[in-house]
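The values are calculated or read from the model by the stated rules, or taken from the named source; none is laboratory data. Since the model is a prediction, treat every value here as computed from it, not as a measurement. Cβ coordinates were reconstructed from backbone atoms using ideal geometry, including for glycine residues, and neighbour counts include every protein chain displayed. Accessible surface areas use protein heavy atoms only, side chains included; no ligands, DNA or RNA. Shrake-Rupley method; radii C 1.70, N 1.55, O 1.52, S 1.80 Å.
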Amino acid sequence: MAFAATYKVVLGSIAFAIFWVLAVFPAVPLLPIGRTAGSLLGATLMVLFRVITPDEAYAAIDLPILGLLFGTMVVSVYLERADMFKYLGKLLSWKSKGAKDLICRICLVSAISSAFFTNDTSCVILTEFVLKIARQHNLPPHPFLLALASSANIGSSATPIGNPQNLVIAVQSKISFGDFLVGVLPAMLVGVSVNALILIIMYWRLLSVHKDEEDGTGEIVGEDDVSSHRFSPATMSHISASNSMDHVQSSPNNINGSLATHLDSLRNRVNSGDQLEIQRSPCGSIDSNDISSPAQFSEEKESKTEHWKNKMWKLCVYLVTIGMLVALLMGLNMSWTAITASLALVVLDFKDASPCLEKVSYSLLLFFCGMFITVEGFNKTGIPSTLWNFMEPHAKVDRVSGIAVLAVVILLLSNVASNVPT
């Protein structure tokens, strides 16, 4: 493709440069409007500069990608409500054998979760659990946070729904979910393993120094951990009472005379209260209503019913998600599969879906719309095709040198110009 008219090349390059600067540096001092607004600004300039027509701009928006992205985000929201990531967080510390074992677990769990539930969701939610585990074991958090961030990006490469750039590649090239997974999975597994090994080598001394402290403080949870996780008052009172009694029973040597006196006074109060209730009831007998009233029995029954309803709802969320993954592996249309799964979860929830839909990142969807238009306008200038024609003879994928050149170009562009536009 030859270059377009000179004014289109110049104005199209200016519009793309504005988009690129705001995508890479969203808080640039000259125009701190952010990535999403920068993407829409670039798209608008492409139309205003007549690099592309309004109809071409609308046609450039890839609706299948937006539908797939929207569906996976909704499914992730319901999985978060169903405590999927809470269970993954518990898996990180279950029977942990030390800091190095924890690094490996974080790499594996974050890679798998990001492959199926997007890397953004995995990083945002699992960060809280990683910080908590690091505080519990008196470990420096930065090696584990680096393990989470790097492995989430590596793991998300394995599936089309792992990150936005994979959506673009899979949908536009019509690569099926199964072929994409089979093609990238071996490299992803090697990447996660090498990443864990590099992190362990880098922080070997730091992780070894804290081993003794970890063994002694592995079960300690500070007050800030409790408050940050927003336990319900009922749970907190139950935990506090049980922990207090366990501490009293397990440490008899620490009970002094004043504490024993205090416990005796508490027993006397309880006994006197019981005697008073007996005196109030006729014939000195205890009325059964004083022990368990119909209202209390009804409340307990309702709470049990709600408990089982909640468990069944969680099971339905997991089954719908598994069904979506199976449908994707079977080669069904990825966009409509994700949208169908998200709507099935909305119906199963049987309540107003507005709170869940509000958690969808609509700014990301708008960013994609602007990006599609901006990139299409830049392609119309002829600059990308000219650059590719120059590079293509040196990037043949049928030989090792060509693959290496192409990999280096993609690596540089992804870090300099951002991975989604690349």
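Overview of values
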quantity	calculated
Qualifying residue in segment 31-38 (condition: open to solvent by 70 Å² or more (accessible area, probe 1.4 Å), in a helix (DSSP H, G or I), of a type in the set (Lys, Arg) and not assigned by the TED database to the domain that holds Ser113)	yes
Residue match in segment 367-384 (condition: open to solvent by 40 Å² or more (accessible area, probe 1.4 Å) and more than 23 Å from Arg50 (Cα to Cα))	no
Candidates Gly370, Gly323, Gly331 - the one that is in contact (Cβ under 8 Å) with a residue 40 or more places away in the chain and in a helix (DSSP H, G or I)	Gly370
Test: residue in segment 132-143 that is surrounded by fewer than 17 Cβ atoms within 10 Å (Cβ to Cβ), assigned to a helix (DSSP H, G or I), in contact (Cβ under 8 Å) with a residue 60 or more places away in the chain and within 20 Å of the chain's Cα centre (by Cα)	no
Extreme residue, nearest to the chain's Cα centre (by Cα), among residues of segment 402-421 that are touching a residue at least 60 places away in the same chain (Cβ under 8 Å) and open to solvent by 40 Å² or more (accessible area, probe 1.4 Å)	Asn419
Cross-chain or 6+ apart pairs with Cβ under 6 Å, segment 71-99 first and touching a residue at least 40 places away in the same chain (Cβ under 8 Å), then of a type in the set (Val, Ile, Thr) and not in a helix (DSSP H, G or I)	Thr72/Ile161; Met73/Val360
Among residues of segment 144-162, those that are open to solvent by less than 10 Å² (accessible area, probe 1.4 Å) and either among the polar types (S, T, N, Q) or not assigned by the TED database to the domain that holds Ser96 (or both), counted	3
Filtered residues of segment 1-30 (kept if aromatic (Phe, Trp, Tyr), surrounded by fewer than 22 Cβ atoms within 10 Å (Cβ to Cβ) and not in a loop (DSSP other than H, G, I, E, B))	Tyr7, Trp20
Filtered residues of segment 385-401 (kept if closer than 22 Å to Gln172 by Cα, touching a helix residue (DSSP H, G or I) at 6+ places or on another chain (Cβ under 8 Å) and open to solvent by 40 Å² or more (accessible area, probe 1.4 Å))	Lys396, Val397
Number of the exception - Lys351 against (1) touching a residue at least 12 places away in the same chain (Cβ under 8 Å); (2) under 28 Å from the mean Cα position of the chain (by Cα)	(1)
